[in-house]
Each structure stands twice: as C-alpha cells, then as structure tokens.
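Reading through the structure tokens given below for one structure.
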Amino acid sequence: LPAAPELVKSLGAADAETREAAAAALGELGDGAAAIAAPALETLLADADRFVRVTAVGALSSLGRPAPRARAILLEGLRSDDEDLQAAAAETIGDRGKAATGFGEALAKVAASAKDPHTRAAALAALGSIGSLEQSATLGKAYYTLSPSSGTVLPNGSTQITVTPAALPTTSEVT
C-alpha cells in the first residue's frame, strides 16, 4: 500500500478529475487502505463536484468500512438532494446484498421521489438485492408510486429485467 499516501494527497487536488481518479484508485486498494484513506474520502462526500462525491461513496464501500460508519455514509447519500449521490449510495447498498439491512425506508423514498430514472432504478434494484420480506413490500409500494399501471425496465448489472405489477407481492402476500 505504498501508493495510498500519495493518492490521499491527490484527493486535495484543485482539479475534480484528479480527485475523482484518486478516490477510485483508493477504493481499489481494498481493506488495507481503509485506515489511511477513509477519513480523506469522507471529506469528499461534501465535494463541490457531484462525480467526486459519487466516486467517494463507492470507494468507501470498497474499503470495507465498519458497518456503523458505512451506514451513516450511505444514509447521508440517500438523503442528499443530489440524485447522482443518491444513485451511488443505492448501488453501493445493492452491492452489499442481504448484508445491507435497515435501508428499506430510505431507498423507497428515493425510488418514489427521484426525478432521474437511473436514480429510481438504482433504488429499486437495491431494494430487490437486500431482499427481506419487509423490503420486498417496500419495493412494491415504491414501484406502484413510480408506475401504477404498467411495467418498467430496470437495469440489473448488464442485463435488463421487466417488472410488472403482477410480479410484485402485495403487502398481504408478504406478511
């Protein structure tokens, strides 16, 4: 991890592309870089450039931050007014799968209120990935808020899935 200190230094660069590239590279270093990189990456969540913020969220997740701090970071991202940051937080939560619990309500709010289709799709996909019965019901509620009468196409990695109202459980089926 000899590159980590230099990459951390680059997070303070005046150029947004340099900060973004450094954040992405730090995320690729893995858990061993967390102690030195995470505090600097956390400051990027308030960066003026939205792509730097999105990259910082992903990098923090890749560094395997302890659950309490990661949770706060991801919830902050979901509650942001920046829909790109919301999408990045949702994707990060979705990447954690069933290990990511307790995000259902915040994800449903993003899915129901985001103007950007990518952001709504990322929140819906994350709800599906975390997969508890409670979150499945939340997914159905968010879906019906998003599209009450027809299916919608959601990105799921490199494939496409079609979600129709009949394919989603009702609250009574879940309980």
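The values are calculated or read from the model by the stated rules, or taken from the named source; none is laboratory data. As the structure is a computational prediction, the values presented were derived from the model and not from experiment. Here the Cβ is made from the backbone with ideal geometry for all residues, glycine too, and neighbour counts use every protein chain on show. Keep in mind that these areas ignore ligands, DNA and RNA; they rest on the heavy atoms of the full protein, side chains included. Shrake-Rupley method; radii C 1.70, N 1.55, O 1.52, S 1.80 Å.
Brief remarks on what is shown
- Taken over the stretch 26-39, the criterion of being open to solvent by 50 Å² or more (accessible area, probe 1.4 Å), farther than 22 Å from E76 by Cα and small (G, A, S) is satisfied by G32 alone.
- Selection status of G102, assigned to a helix (DSSP H, G or I) and farther than 26 Å from R19 by Cβ: no
- Matching residues, the stretch 43-61, being in a loop (DSSP other than H, G, I, E, B) and open to solvent by less than 60 Å² (accessible area, probe 1.4 Å): D47, D49
- Applying the set (1) part of a helix (DSSP H, G or I); (2) surrounded by fewer than 16 Cβ atoms within 10 Å (Cβ to Cβ) to G64 leaves exactly one unmet item: (1).
- Qualifying residue in the stretch 96-105 (condition: more than 22 Å from E42 (Cα to Cα), surrounded by fewer than 21 Cβ atoms within 10 Å (Cβ to Cβ) and modelled with pLDDT of 85 or more): yes
- Scanning the stretch 73-90 for residues that are modelled with pLDDT of 90 or more, surrounded by 15 or more Cβ atoms within 10 Å (Cβ to Cβ) and in a helix (DSSP H, G or I) returns L78, E83, Q86, A87, A90.
Okay, residues lined up against (1) open to solvent by 30 Å² or more (accessible area, probe 1.4 Å); (2) outside any helix (DSSP H, G or I); (3) of a type in the set (D, E, K, R):
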position: P5; (1), (2), (3): yes, no, no
position: A24; (1), (2), (3): yes, no, no
position: L41; (1), (2), (3): no, no, no
position: R71; (1), (2), (3): yes, no, yes
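- Neighbours by Cβ (under 6 Å, 6+ apart or cross-chain): first from the stretch 76-97, under 13 Å from D116 (Cβ atoms); second part of a helix (DSSP H, G or I) and among the polar types (S, T, N, Q): S80/Q86; E83/T119; Q86/T119; A87/T119
- Note on the stretch 9-22: residues that are among the aliphatic types (A, V, I, L, M) and either out of contact with any helix residue (DSSP H, G or I) (no Cβ under 8 Å at 6 or more places or on another chain) or crowded, with 19+ Cβ neighbours inside 10 Å (or both) amount to 3.
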